[in-house]
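The values are calculated or read from the model by the stated rules, or taken from the named source; none is laboratory data. Keep in mind that this is a model prediction, so the values were computed, not measured. Counting neighbours? That spans all protein chains shown, and the Cβs are built from the backbone with ideal geometry, glycine included. For the accessible areas, the whole protein counts, side chains as well, though only heavy atoms, and no ligand, DNA or RNA atoms are used. Shrake-Rupley method; radii C 1.70, N 1.55, O 1.52, S 1.80 Å.
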Amino acid sequence: MEPNVKLTVWIAVVAAALLAVVSGLGLAAAAVHRAPGSDLVRTGSTIAATALGGTRFAVDLQDRSVSATTGAAAALTVIGVVRLLTSTRRRPVVRVLTVGAAVTAVVFEVARRREILRGR
């Protein structure tokens, strides 16, 4: 396959996956927004930080390059998940959507990275 075609396919795949992740984050944020007494910005940033920490943690484990940043990423992930679980108490649908959005982002990034590394 030519380099231009590979790049075009890669851009299309990344765009579609990012759209799916953003849609998941949007669904989770909308579910939280409808709940009484919720803070949409705080919940959205918690989802993003949890996903970022989870991605870094998974990548470090995959590369077998554990360092101090791996511990920090694991701590960020655990704190984020605990925060999401406590903020969605007694709302199981919202809990599934928020934690699911973070997990989806992590799985997508790890799979995308694996495919890129496999192609090299």
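A few notes on this one:
- Residue that is farthest from ARG114 (Cα to Cα), among those in segment 54-70 that are modelled with pLDDT under 85 and assigned to a helix (DSSP H, G or I): ALA68
- Hits in segment 88-98 - residues which are touching a residue at least 40 places away in the same chain (Cβ under 8 Å) and open to solvent by 30 Å² or more (accessible area, probe 1.4 Å): ARG91, VAL93, LEU97
- Output for segment 103-120, where each listed residue is under 13 Å from ARG56 (Cα atoms) and within 8 Å of the chain's Cα centre (by Cα): VAL103, ALA105, VAL106, VAL107, PHE108, GLU109
- Only one entry of ALA17, ALA101, ALA12, ALA28 meets the criterion of being open to solvent by 30 Å² or more (accessible area, probe 1.4 Å) and either modelled with pLDDT of 75 or more or outside any loop (DSSP other than H, G, I, E, B) (or both), and that entry is ALA12.
- Residues (open to solvent by 60 Å² or more (accessible area, probe 1.4 Å) and under 21 Å from ALA111 (Cβ atoms)) located in segment 39-61: LEU52, ARG56, PHE57, LEU61
- Among (1) assigned to a loop (DSSP other than H, G, I, E, B); (2) within 11 Å of the chain's Cα centre (by Cα) - the single one ARG90 does not satisfy: (2)
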